[in-house]
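To keep things clear, I will list the structure first and then write my remarks on it.
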Amino acid sequence: MKPHTLSAFDRDLDAIRRLVMTMGGQVEAAIMNASRALQTCDEELAAQVVQQDERIDSCEDDINTQVVRLLALRQPQADDLRAAVGVMKMAGDLERLGDYAKNMAKRIPVLIAAPVIEGASGALRRQAQIVGQMLKDMLDAFSRSDVALARAVIRRDVEVDDMTNALFREFITHMMEDPRNITPCLHYIFIAKNIERMGDLVTHGAQHVIFMAEGKSAEARQKGHSTATIEAPRK
């Protein structure tokens, strides 16, 4: 007698979900290491983040290959199909998170040689730590299908948005005060915006968790103040 199709599907899907968790751990480490390298001016650690992004990309390729194989062999329907597609989307979001961490790390050698902006790297590291905790909680929600935790992650994104807005204002002020600050502050602005986008991707992952568990899209998330409406500070 052939093994039950559902049991085979569950076994294969569980293996893929474990790969997603492994990939998530690699991404979490990349974000934390990039932000630590930024604050400590550690070029060697920054280079490691850039190099290790290949492992994250490779992990996404493995997940996508296995999901396609799963769909072809098991031909899942309804909830099972939603779960299979959901893990593929989750892997895509994690790969983009890894790219943002890599981009942060790539800017560090330039910033080390640039004028020091007091407190900037520490503030950005705190922003990244918020996103890192959101990612950890999102992965926990994914592993346990914990909808309540996923919704808590979504609510925290407004904190990242508001912090980005505050950092933009601070960096604009530094640029207005001294033209020599323009180069480092532009890099810091790009990093702050990338971290904000990391928060958006983690939130998107939490929405996937809710969709996979409940079969319906998560409610619209609250957003913080937009950086598009920032005005230059008046002297």
Neighbours by Cβ (under 9 Å, 6+ apart or cross-chain): first from the range 73-98, within 22 Å of residue 199 (Cα to Cα); second of a type in the set (Ser, Thr, Tyr) and surrounded by fewer than 22 Cβ atoms within 10 Å (Cβ to Cβ): none
Going through (1) in contact (Cβ under 8 Å) with a residue 40 or more places away in the chain; (2) assigned to a loop (DSSP other than H, G, I, E, B); (3) out of contact with any Phe, Trp or Tyr (no Cβ under 8 Å at 6 or more places or on another chain); (4) not basic (Lys, Arg) one by one, residue 187 fails only at (2)
Do the conditions hold for residue 182, that is, is it over 19 Å from residue 91 (Cα atoms), crowded, with 21+ Cβ neighbours inside 10 Å and at pLDDT 95 or above? no
Could you say whether any residue in the range 61-82 is within 16 Å of residue 205 (Cα to Cα), at pLDDT below 95 and assigned to a helix (DSSP H, G or I)? yes
Does the range 1-16 contain at least one residue that is assigned to a helix (DSSP H, G or I), farther than 30 Å from residue 119 by Cα and in contact with a Gly (Cβ under 7 Å, 6 or more places away or on another chain)? no
Considering the range 144-168 alone, what residues qualify as being exposed (fewer than 15 other Cβ atoms within 10 Å of the Cβ) and basic (Lys, Arg)? 144, 155
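The values are calculated or read from the model by the stated rules, or taken from the named source; none is laboratory data. Please read these numbers as outputs of a predicted model, since none were measured by experiment. So basically every Cβ, Gly included, is an ideal-geometry build from the backbone, and we count neighbours across all protein chains shown.
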